[in-house]
1. Take region 1-54 and flag every residue that is open to solvent by 50 Å² or more (accessible area, probe 1.4 Å), outside any helix (DSSP H, G or I), over 17 Å from Arg100 (Cα atoms) and touching a helix residue (DSSP H, G or I) at 6+ places or on another chain (Cβ under 8 Å).
2. Out of Ile57, Ile89, Ile84, report the one residue that is open to solvent by 30 Å² or more (accessible area, probe 1.4 Å), assigned to a helix (DSSP H, G or I) and within 29 Å of Met1 (Cβ to Cβ).
3. Go through (1) assigned to a helix (DSSP H, G or I); (2) modelled with pLDDT under 90; (3) open to solvent by 30 Å² or more (accessible area, probe 1.4 Å); (4) not aromatic (Phe, Trp, Tyr) one by one and return the number of the condition Ala113 breaks.
4. Filter region 64-81 down to the residues that are open to solvent by less than 80 Å² (accessible area, probe 1.4 Å), more than 17 Å from Arg54 (Cβ to Cβ) and in a helix (DSSP H, G or I) and list them by number.
5. Which condition from (1) more than 12 Å from the chain's Cα centre (by Cα); (2) at pLDDT 85 or above is the one that Ile14 breaks?
6. Within the bounds of region 93-106, is there any residue that is modelled with pLDDT of 90 or more, in a helix (DSSP H, G or I), under 19 Å from Leu26 (Cα atoms) and open to solvent by 90 Å² or more (accessible area, probe 1.4 Å)?
7. Scan region 60-114 residue by residue and report those that are on the phi > 0 side of the Ramachandran plot and touching a residue at least 60 places away in the same chain (Cβ under 8 Å).
Amino acid sequence: MIYGLHAWSVFAGILTPALVVTMFLLGWPSLIAVILNYVKRAEAAGTMLESHFRWQIRTFWFALPWALAGVVLWVTLILIPLAILLWAITGLWVAYRVARGWLALVRGKPMPAP
């Protein structure tokens with residue numbers, strides 16, 4: 001269910017004027033997913049699912065500074081194209097992480113340790 005919420009945000013970012021990274025960090029499906037990650041993480045301790053919770057949480061928190069860096073670049077006005085590029089690359093990275101994690105879950109495999 002949590003990968004589904006993250007995927008919903010990714011697709012909303014692709015299908016609407018919003019960027020993938022924006023929908024992933026600020027869209028309600030992903031925010032609910034991250035909250036569920038933290039609430040349910042203890043229940044998954046010691047299981048294969050623990051790696052998936054860690055994967056999803058790290059994806060969210062690693063995307064945040066890159067999105068904020070894009071905001072800083074945007075504010076400079078001159079570096080707006082670089083900000084858009086950074087947001088696009090971060091969005092692709094988020095989409096990759098959601099897809100890779102979901103496919104591993106379907107196959108019953110844990111995610112690699114950081």
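1. Those that are open to solvent by 50 Å² or more (accessible area, probe 1.4 Å), outside any helix (DSSP H, G or I), over 17 Å from Arg100 (Cα atoms) and touching a helix residue (DSSP H, G or I) at 6+ places or on another chain (Cβ under 8 Å): Thr16, Leu19.
2. Ile89
3. (1)
4. Once the filter is applied, which keeps residues that are open to solvent by less than 80 Å² (accessible area, probe 1.4 Å), more than 17 Å from Arg54 (Cβ to Cβ) and in a helix (DSSP H, G or I), region 64-81 yields Pro65, Ala67, Ala69, Gly70, Val71, Leu73, Ile80.
5. Answer for Ile14: the failing condition is (2).
6. Yes, region 93-106 has at least one match.
7. The answer is Gly108, and nothing else.
The values are calculated or read from the model by the stated rules, or taken from the named source; none is laboratory data. Please read all numbers here as calculations on a predicted model, not as lab measurements. Please note: Cβ atoms are built from the backbone with ideal geometry, for glycine as well, and neighbour counts cover all protein chains shown. Heads up: the accessible areas ignore ligands, DNA and RNA and are worked out on the full protein's heavy atoms, side chains in. Shrake-Rupley method; radii C 1.70, N 1.55, O 1.52, S 1.80 Å.
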